[in-house]
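Take a look at the structure set out below.
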């Protein structure tokens with residue numbers, strides 16, 4: 001379980017998080033919405049230990065993340081995947097090598113096992129055909145799917161998705177949403193998804209929380225929020241398809 | 001905001017940046033033992049650095065040697081002592097000009113490219129992606145670049161020295177009337193008369209080149225790793241990398257010369 005309690009964080013002279021409290025139970029996709037600059041990505045970076053809170057508590061499975069040393073943090077990160085907005089692939093590595101990177105760096109598998117595991121996740125995200133290609137020559141959707149494969153290759157318990165459909169057309173976005181749901185349902189992975197997209201929230205989420213002034217302004221199941229008259233819910237979840 | 005506050009802030013930012021460079025240097029030193037895992041990447045980096053900067057280094061070195069011979073020769077001719085032109089050109093190239101020229105050109109070509117590469121990776125979350133995969137960016141990105149330049153800078157310096165001395169010989173022969181034999185004999189004697197395997201001028205020059213290679217790569221990577229704010233931030237990082245590298249090359253060049261010729265004798 002991912003748990004944030006009363007987390008506050010000030011960055012660049014601005015209060016980004018101000019008493020943020022959030023709980024993501026295991027096996028669930030939790031969608032975090034909010035305006036640009038409201039602290040959604042900052043929340044993810046606290047969970048993975050890239051940022052430390054000024055005050056408050058960030059826990060994963062009962063372990064306090066900010067208190068972790070380097071070794072503990074590395075161990076935690078091996079249990080987590082992180083899908084960045086644009087995939088954040090290394091440009092000089094092929095799709096296959098990008099996905100293999102975390103396995104090779106930590107030397108946990110032999111060469112053949114690594115290759116098998118890499119192709120297994122590439123097949124899952126429908127990228128097996130492009131394994132030899134390089135990031136600059138593939139589309140945004142393919143980069144995201146490769147990023148997702150890289151996040152999944154270590155068999156994580158949690159995946160943090162940072163704007164998984166930013167800049168994608170609705171068809172490719174839908175494919176990404178289906179993959180996120182598949183990851184939860186078939187692999188039992190817990191997801192924390194940061195998005196602006198109503199479609200992403202409704203299709204991928206079990207619960208939705210909407211950030212307002214550095215903390216959750218409203219939280220509930222997808223059904224509750226879609227039908228809520230709360231101004232935040234109306235602003236983010238009512239209306240068009242996206 | 002008062003002037004004093006603004007100056008204080010600027011000073012604080014500079015000290016912070018300098019501290020980051022020193023920290024990165026130390027962390028790179030501590031991560032050196034993992035270099036064998038990155039040997040292929042390091043060799044690629046070294047090859048690229050060499051290929052990218054070799055033509056311009058050689059052209060500049062040839063002209064620097066020629067200028068050196070010309071300027072010195074004009075004065076020596078007044079005293080009728082052009083016989084020592086080869087000695088002066090060879091010593092100046094090996095001790096100062098060769099490493100300096102190579103360092104500055106590496107800063108402008110390879111250092112700027114390093115800052116741009118690492119900076120772009122930083123602003124597009126690739127460095128953060130390495131961190132969340134528990135891959136140390138210093139070990140993965142910085143150490144291979146530092147080792148590549150620490151090897152390539154002295155290698156290019158040797159070539160610069162040779163080409164610079166040759167550039168001087170052309171001027172000596174055609175403009176100052178010094179016979180090629182005399183020029184090359186005096187140059188060779190200057191570089192072999194110390195009785196040691198490597199004359200002091202050569203090893204001090206090569207040591208400087210290693211220091212410059214490390215300085216350029218660390219400063220460039222540090223600028224890239226601190227880049228923020230998209231393309232504009234990357235541009236500023238490149239600018240800072242080249243500016244700070246050139247300043248460091250001049251300051252470190254002075255310190256190394258002072259150390260070997262005045263402090264250590």
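Data for the structure
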quantity	calculated
Test: residue in segment A:230-242 that is in the same structural domain as residue A:162 (by TED's automatic domain parsing), under 21 Å from the mean Cα position of the chain (by Cα) and either at pLDDT 90 or above or farther than 21 Å from residue A:43 by Cβ (or both)	yes
Sole exception among (1) over 30 Å from residue B:87 (Cα atoms); (2) free of Cβ contacts under 8 Å to residues at least 24 places away in the same chain; (3) more than 14 Å from every other protein chain (Cβ to nearest Cβ) for residue B:135, by number	(3)
Flag if residue B:211 is under 27 Å from residue B:23 (Cα atoms) and either surrounded by fewer than 24 Cβ atoms within 10 Å (Cβ to Cβ) or at pLDDT below 95 (or both)	yes
Residue match in segment B:3-20 (condition: farther than 20 Å from residue B:101 by Cα, in contact with a helix residue (DSSP H, G or I) (Cβ under 7 Å, 6 or more places away or on another chain) and surrounded by 12 or more Cβ atoms within 10 Å (Cβ to Cβ))	yes
Of the criteria (1) within 12 Å of another protein chain (Cβ to nearest Cβ); (2) assigned to a loop (DSSP other than H, G, I, E, B); (3) surrounded by fewer than 17 Cβ atoms within 10 Å (Cβ to Cβ), which one residue A:67 fails	(1)
Lone qualifier among A:93, A:101, A:109 - being assigned to a loop (DSSP other than H, G, I, E, B), surrounded by 14 or more Cβ atoms within 10 Å (Cβ to Cβ) and either touching a residue at least 40 places away in the same chain (Cβ under 8 Å) or within 14 Å of chain B (Cβ to nearest Cβ) (or both)	A:93
Which numbered condition residue A:157 fails, given (1) under 17 Å from the mean Cα position of the chain (by Cα); (2) away from every other protein chain (no Cβ under 14 Å); (3) surrounded by fewer than 23 Cβ atoms within 10 Å (Cβ to Cβ); (4) modelled with pLDDT under 90	(4)
Count of residues meeting criterion [out of contact with any helix residue (DSSP H, G or I) (no Cβ under 8 Å at 6 or more places or on another chain) and in contact (Cβ under 8 Å) with a residue 40 or more places away in the chain] in segment A:132-146	1
Verdict on residue A:87 being in a loop (DSSP other than H, G, I, E, B), within 14 Å of chain B (Cβ to nearest Cβ), buried (at least 24 other Cβ atoms within 10 Å of the Cβ) and modelled with pLDDT under 95	yes
Tally, over segment A:115-153, of residues that are over 15 Å from the mean Cα position of the chain (by Cα) and either surrounded by fewer than 18 Cβ atoms within 10 Å (Cβ to Cβ) or outside any helix (DSSP H, G or I) (or both)	19
Selection status of residue B:160, at pLDDT 95 or above, away from chain A (no Cβ under 14 Å) and within 25 Å of residue A:101 (Cβ to Cβ)	no
Filter pass, residue A:16 being over 13 Å from the mean Cα position of the chain (by Cα) and within 14 Å of chain B (Cβ to nearest Cβ)	no
Criterion: surrounded by 21 or more Cβ atoms within 10 Å (Cβ to Cβ), more than 14 Å from chain B (Cβ to nearest Cβ) and either free of Cβ contacts under 8 Å to residues at least 12 places away in the same chain or closer than 30 Å to residue A:127 by Cα (or both) - qualifying residue of A:58, A:24, A:42, A:47	A:24
Every residue from segment A:66-82 that is without any contact (Cβ under 8 Å) to a residue 40 or more places away in the chain and within 17 Å of the chain's Cα centre (by Cα)	A:76, A:77
Residue that is surrounded by fewer than 22 Cβ atoms within 10 Å (Cβ to Cβ) and modelled with pLDDT of 90 or more, where the choices are B:194, B:112	B:112
Sole exception among (1) closer than 17 Å to residue A:158 by Cα; (2) assigned by TED's automatic domain parsing to the domain that holds residue A:203 for residue A:84, by number	(2)
Verdict on residue A:167 being under 24 Å from residue A:140 (Cα atoms), over 20 Å from the mean Cα position of the chain (by Cα) and either modelled with pLDDT under 90 or assigned to a helix (DSSP H, G or I) (or both)	no
Checking residue B:42 against (1) more than 17 Å from residue B:225 (Cβ to Cβ); (2) more than 22 Å from the chain's Cα centre (by Cα), the condition it does not meet	(2)
Test: residue in segment A:200-220 that is in a helix (DSSP H, G or I), surrounded by fewer than 19 Cβ atoms within 10 Å (Cβ to Cβ) and within 16 Å of the chain's Cα centre (by Cα)	yes
The listed residue being closer than 20 Å to residue A:212 by Cβ, modelled with pLDDT of 90 or more and touching a strand residue (DSSP E or B) at 6+ places or on another chain (Cβ under 8 Å), out of A:24, A:65	A:24
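The values are calculated or read from the model by the stated rules, or taken from the named source; none is laboratory data. These figures come from a predicted structure and were not determined experimentally. Cβ sites come from the backbone with ideal geometry, for glycine too, and all protein chains shown count toward neighbours.
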